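Heads up, the thing below is written out as structure tokens.
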Amino acid sequence: MRPGPILPEPSLSRALRVQFNVLGALIMREMHARFGRENLGYVWLFVEPMILAGCVATLHHIAGHGLPGGLAPFPFYVLSYTPYYLLRSIVTRASTALEANAALFFHARVRLHDVLMARTVLECAAVLVALTIFLTGVGILTDNWPREPLGIAMGLVLMALLMHGVALLVASLGVLGAHNVDRIVHPATYLSLPASGAFFMVWWFPAEMQEMILWIPTVHVYEFVRHSFYGDVVPFHYDISYLGAWILVTNTLGLVALRAARPHLET
Amino acid sequence: MLRLEGVWKSYRVRGRDKEVLRGVDAAVWKGDAIGILGRNGAGKSTLMRLIAGVEHPNAGRIQREMSISWPLGYGGALHGNLSGADNVRFVARIYGRPVDWTLGFCEEFAELGEHMRMPVRTYSSGMQSRLALALSLAVDFDCYLVDEMVAAGDARFAGRGREELMARRGRAALILVSHSEELVRNFCTSAAVLQDGKLHFHEDLDQAFAAYRAL
């Protein structure tokens, strides 16, 4: 039987349903387009961050770098690299996301923000699954289990939200004529690695430097994630409301920029 | 109903604003089949994109009280790296349609056979437009925006597409842009001429053609 017509009666519940349909469809499509249906297919989504994080952690483990406070190094480096992987994957893909998907905007229901949201959700979910597998492995092999697994997950979600705001800005700049933004974003994400807080902890530094370091929002993510893993064994410094403020500001500015960019996108 | 009120659209080309539409007014009801005639560059495709909601006007407003298809025949809308079937699934999900039913309809209507499992970039342009038309018919919009390329496409298929669209008269509207009189005569019951950024409606087709030829 032929299904009924799509009625454009405007209501909140309908708008939410449309939003939900569109996001779901975009996530499925992104997975099909990026990984195809053959071979390992979707498994790559999780394997990619796992290979990278695993190698980084193993290198540090073999090099035998001890950590101040006697923290177990393997989980430390896994928790260093996975949030950074999330940061990089959300931000670097944003610069070309809109132009590469211009055909999608032929469907008036698909808004620019939907495409970027679908990507962020997908990257975040992939990293969460990869990290779950990883930490379970670490737990079984070394008997180091996370104290607050939900805290770790929340930390990654906060990272994703913060980077989503940055991605909105990068994507808008890409459309607003700055085609070279791509060339700057790639090196910038690499250069940001040492400053992001991935490989240091705040308490390693003298008090006056700590204050400066804590201006960097991603540092708060790392401190929060590590605190959730190790528990109160060393001092941790972070402020979730400071991070929340960053998320709010970047996302608001990002949405404004995206609105400004909309008329300039060539479909 | 679809209503356009004083719709203006300009693009910035090399630092200067080029006005494409300068105050377009129109009203389209279910059951209407309107041909829009215009020379190359008159702004026909811009008008279609505005009606579809792909782009937004600089001034004026567009009121949509019916569901409107994406503009058929401008490429886009299909993703080259995805198979025909995955494209169908994607569009069905976007519009909240039952996926299996939509897929069945498209397989039957577009007659692509095994090609449905292959990436759309391997399709000929005729195959692409067949799939796009099948897909839009499956979604069942209230108003179809069609470029002449689709209508002219392949003769056998143009017949079936026309049949389907005609069968929906009364509950669906059709807007066809073209510079061919013959096509407009085949599909439409009234016509308008797009000229100097304005849309001029005519009572009957002959009048519209006369005005179009006088351009």
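Laid out as a table, the results:
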{"item": "Residue in the stretch A:61-81 that is under 17 Å from the mean Cα position of the chain (by Cα), in a helix (DSSP H, G or I), hydrophobic (A, V, I, L, M, F, W, C) and over 30 Å from A:Leu16 (Cβ atoms) present", "result": "yes"}
{"item": "Some residue of the stretch A:132-141 being under 16 Å from the mean Cα position of the chain (by Cα), in a helix (DSSP H, G or I) and in contact (Cβ under 8 Å) with a residue 60 or more places away in the chain", "result": "no"}
{"item": "Check on A:Leu156, touching a helix residue (DSSP H, G or I) at 6+ places or on another chain (Cβ under 9 Å), under 18 Å from A:Ala53 (Cα atoms) and free of Cβ contacts under 8 Å to residues at least 12 places away in the same chain", "result": "no"}
{"item": "Only one of B:Arg117, B:Arg121, B:Arg97, B:Arg93 that is free of Cβ contacts under 8 Å to residues at least 24 places away in the same chain and either among the charged types (D, E, K, R) or away from chain A (no Cβ under 13 Å) (or both)", "result": "B:Arg93"}
{"item": "Of residues in the stretch B:38-54 being within 7 Å of chain A (Cβ to nearest Cβ) and of a type in the set (Gly, Ala, Ser), the one surrounded by the most Cβ atoms within 10 Å (Cβ to Cβ)", "result": "B:Ala52"}
{"item": "So B:Ala151, is it surrounded by 23 or more Cβ atoms within 10 Å (Cβ to Cβ), closer than 28 Å to B:Ala211 by Cβ and modelled with pLDDT under 80", "result": "yes"}
{"item": "Count of residues meeting criterion [in contact (Cβ under 8 Å) with a residue 60 or more places away in the chain and in contact with a His (Cβ under 9 Å, 6 or more places away or on another chain)] in the stretch B:53-79", "result": "2"}
{"item": "Among (1) more than 14 Å from chain B (Cβ to nearest Cβ); (2) at pLDDT 90 or above - the single one A:Asp114 does not satisfy", "result": "(1)"}
{"item": "Residue within the stretch A:34-46 that is small (Gly, Ala, Ser), at pLDDT below 75 and farther than 21 Å from A:Ser89 by Cβ present", "result": "no"}
{"item": "Condition met for A:Ile90 (more than 15 Å from the chain's Cα centre (by Cα), part of a helix (DSSP H, G or I) and among the hydrophobic types (A, V, I, L, M, F, W, C))", "result": "no"}
{"item": "Every residue from the stretch B:55-77 that is hydrophobic (A, V, I, L, M, F, W, C) and facing another protein chain (nearest Cβ under 7 Å)", "result": "B:Met66, B:Trp70, B:Ala77"}
{"item": "Of all residues making up the stretch A:113-131, the number that are within 12 Å of the chain's Cα centre (by Cα) and under 21 Å from A:Tyr84 (Cβ atoms)", "result": "11"}
{"item": "Residue within the stretch A:94-111 that is at pLDDT 90 or above and either surrounded by fewer than 16 Cβ atoms within 10 Å (Cβ to Cβ) or away from chain B (no Cβ under 14 Å) (or both) present", "result": "no"}
{"item": "Count of the stretch B:173-198 residues which are under 20 Å from B:Ser129 (Cα atoms), aliphatic (A, V, I, L, M) and not in a helix (DSSP H, G or I)", "result": "5"}
{"item": "Residue that is crowded, with 18+ Cβ neighbours inside 10 Å, closer than 30 Å to B:Tyr11 by Cα and either in contact with a Gly (Cβ under 9 Å, 6 or more places away or on another chain) or more than 13 Å from every other protein chain (Cβ to nearest Cβ) (or both), where the choices are B:Ser136, B:Ser129", "result": "B:Ser129"}
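The values are calculated or read from the model by the stated rules, or taken from the named source; none is laboratory data. A quick note: this is a predicted structure, and the numbers were derived from the prediction, not measured. Here Cβ is always computed from backbone atoms with ideal geometry, including for glycine, and neighbour counts include all displayed protein chains.
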